[in-house]
Structures are given as C-alpha cells and as structure tokens.
1. Could you list, in sequence order, all residues of region 205-219 that are open to solvent by 10 Å² or more (accessible area, probe 1.4 Å) and either near the ligand (Cβ under 10 Å from one of its atoms) or within 13 Å of V173 (Cα to Cα) (or both)?
2. Check N38 against each of (1) more than 22 Å from P169 (Cα to Cα); (2) at pLDDT below 95 and name the one condition it does not meet.
3. Taking only pairs six or more apart or across chains, which ones have beta-carbon atoms under 8 Å, a first residue in region 271-300 that is touching a residue at least 40 places away in the same chain (Cβ under 8 Å) and more than 24 Å from I258 (Cβ to Cβ), and a second residue that is of a type in the set (D, E) and surrounded by fewer than 16 Cβ atoms within 10 Å (Cβ to Cβ)?
4. For region 324-341, indicate whether the set of residues that are modelled with pLDDT under 95 and in contact with a His (Cβ under 8 Å, 6 or more places away or on another chain) is non-empty.
5. Of the residues D266, D252, D222, D297, only one is under 30 Å from V142 (Cα atoms), modelled with pLDDT of 95 or more and over 20 Å from the mean Cα position of the chain (by Cα); which?
6. Which of the residues that make up region 12-53 are open to solvent by less than 50 Å² (accessible area, probe 1.4 Å) and among the basic types (K, R)?
7. Every residue in region 176-186 that is open to solvent by less than 10 Å² (accessible area, probe 1.4 Å) and either away from the ligand (no atom under 11 Å from the Cβ) or without any contact (Cβ under 8 Å) to a residue 12 or more places away in the chain (or both), please.
8. Hey, can you tell me all the residues within region 226-240 that are aromatic (F, W, Y) and buried (at least 21 other Cβ atoms within 10 Å of the Cβ)?
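The values are calculated or read from the model by the stated rules, or taken from the named source; none is laboratory data. Not measured: the values here are computed from a predicted model. Backbone-built Cβ (ideal geometry, glycine too); neighbour counts: all protein chains shown. Just so you know, the surface numbers come from the protein's heavy atoms only, side chains and all, with ligands and any DNA or RNA stripped out. Shrake-Rupley method; radii C 1.70, N 1.55, O 1.52, S 1.80 Å.
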Amino acid sequence: MMDINNLLRDNIRKLVPYSTARSEFKSVAEIYMDANENNFPHTHHRYPDPYQMSLKNAVAEWKSVSTDHIFIGHGSDEIIDLVIRAFCNPGTDAVVALEPTYGMYAVSAAINDVKYRRYLLDREFEFEADALIRFFAPGDKVLFICTPNNPTGNAFPAEKLEKVITSFPGIVVLDEAYIDFAQTPSFISRINEFPNLIVMQTLSKSMAAAGLRIGLSFMNPDIVNIFNRIKPPYNISGVAINEAVTRVTRRDQVLPQIEILKVQRDSFLIWLTTLPYVVKVYPSQANFVLVKVEKPDVLYLHLIGKGIVVRDRSGQYQCEGCLRISIGLPSEMERLKEVLVNFRQENSL
Ligand SMILES: *Cc1c(COP(=O)(O)O)cnc(C)c1O
C-alpha cells in the first residue's frame, strides 16, 4: 500500500503549520481576547471556522462520506494549487493531464514551476489505459483527469479510470465538476479503495453557486491533513460557509433545474446536427456542448453581435473549429437557436 508521506515534498513534510487562535482554543468562552478581533457586535466580526465544520457536516450527509474525508477549497482552483504545492518539487517533478482539458492544471503547474506533461486524447477524446500507463515517467507526481471532461463533454469509463488510478505511482485527481450532469456515477463512494485518489467537485456549476467559491474534495484523511497544514488558515469566508450550508441543505431546489438543463442539452445536441454549417457535434455529459463549425471565428463574432457570448475553443488541441456553448435557460436556448438559424441564412446569401 502506498505511503502518501513518501510522495510529499520534503519542505512540506517538515513544515510547522501556522496555528490559528480558533484551532488552539476550540471550546466556547465568554470573552474572546485571542484573535485581535473588534469585539463590538457586527455581522461576521469573528474569524470563521478554519475547518468549516458546519459545511463539512452538510456535505458529509449529502455525499454519504465522513467529514474527515472532506477538504473544502476556495473553489476547485485552490485545491488544484494545493495538490501541486504539496506533492511536486519545483523544477523537477511533473503533473500529467489529458488534453484537451481544463486550463487551470497547466496554469497552476506553471505558477509552481512544475512541469506539465500533456497526454493527448484521440479524435473521439478518449484514451487507452495501457498507452497512458506507458506514458508515465519518473517524476510524475500528480495526474489530473477531468470527467466529464471540459471542454469535450465526455466522461471516461470507470474501468479505465480504475486501471489508471491503481497504476499511477502518485496522486490522481478526478475532477468531477460536471458529474451531476452525467450518467456515470461519481468516484466519491470509492475513495476508500484508492489511497492516492482525490475526487473534486464544486458548487460552481450544477449547484448554482459559482460566486461563493466553494470547491469540494474527497480523499483519504491523510491527504486532508496535509492540505489542512498548508492551506491559508481561513481559506473560506464566513459568508460563503453560511451560504453554502444553505445551498447544500436546500439542494432540492436545484435538482429539478439540473434535470431541465440535461433535457435542454440533449435536445440541443440533436437540433445542432440540422444546421448545414455544423461539421460535428460531440456527445456531452456536462452542461455544455462542443460543436465544430465551418467558420468558428465568424460565428463567434456573429453571436457576440447578437448579445450572446460562447467560448471559442478552436485554439485547443484537437478542437479546431470548435465552440463550447453552455446550456442556458429554455428561453435562452430558444433565442440562441433563432440566432444560429439566421446565421445560416445570412451566410448563404
Ligand atoms: C468550472 C470548473 C471547475 C470549477 O472551479 P471552481 O474553482 O470550483 O469554480 C473545476 N474544474 C473544471 C474542469 C471546471 O470546468
């Protein structure tokens, strides 16, 4: 069995973490004179809980995991950075990602002066597990796999992921930012099988709380403890913690919306194939679709001219001609379709 501590950077293993006033005294007192707060009563005049236990309790109940397996980041982006900082020695170690994919893995690696090694997905945005495993090299410490993948929309089969997680000699991060829109189940229920697995989710997409900056992650408690030692002490604001608890406990309000978005996505995917300038529509298990068109730059600007902004992904590997379109409200999809149909007409004049 893999010892996570052997994977850690030396300086992180030796680190004496900052100890907050709130972690040194965890009980309830009458008067707090330990944190240099302004004790006149205001909302949020106290430092928040550094470990966000109220939110972890809500998430634990929701995801059926215990709180010691949960780490909460200031968005998934903070978690991506923490993984790289904990495990990768600048200048020598590498992270691996399957391209095309989410851009933050490469940016975070670059910020930390860590090599970023791209493994290229095939034309259908799939990979062969054995070939990926052969690609692994000494110095690879973290493997990022985004499933369903952004910007391609496909989710990778569980058997393939399993094989890769057990074969990779470092930390595997499964980024499940779009899992609530997918048919494939989350790997959260399987974190106990894989000590080197981190499953990331987020409140930013399906849960409609991008503004709160709440990234969720699930893993073996040894890794949670490492992250707790190196994160900024109060990484989640008290406002965000409270709002997130409310969103999680009232999640029945967003669940029907997710169903509507999935239905909108599936019908939009079919509808898109009827447009003459559409070259290819990729299947999607997320709340966006990737579509290859004849003149992506012209269409992109045309949409902007009509007040609709989509993402031009044509510069990414294997994405020539591709736009990524987020699924909006039914009324927004109707307006988009109207503009897309007119583009055909204007183009053929
Ligand atoms: C949007 C997105 C996230 C979410 O990031 P947050 O920092 O939690 O908002 C994470 N991963 C991928 C692949 C995404 O597309």
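1. Residues satisfying the conditions are K205, A210, G211, L212, R213.
2. (2)
3. Cβ pairs passing all conditions: Y277/E294; V279/E294.
4. No, the conditions are met nowhere in region 324-341.
5. After ruling out the rest, the residue left standing is D222.
6. Selection gives R22 alone.
7. Across region 176-186, the qualifying residue is only F181.
8. Across region 226-240, the qualifying residue is only F227.
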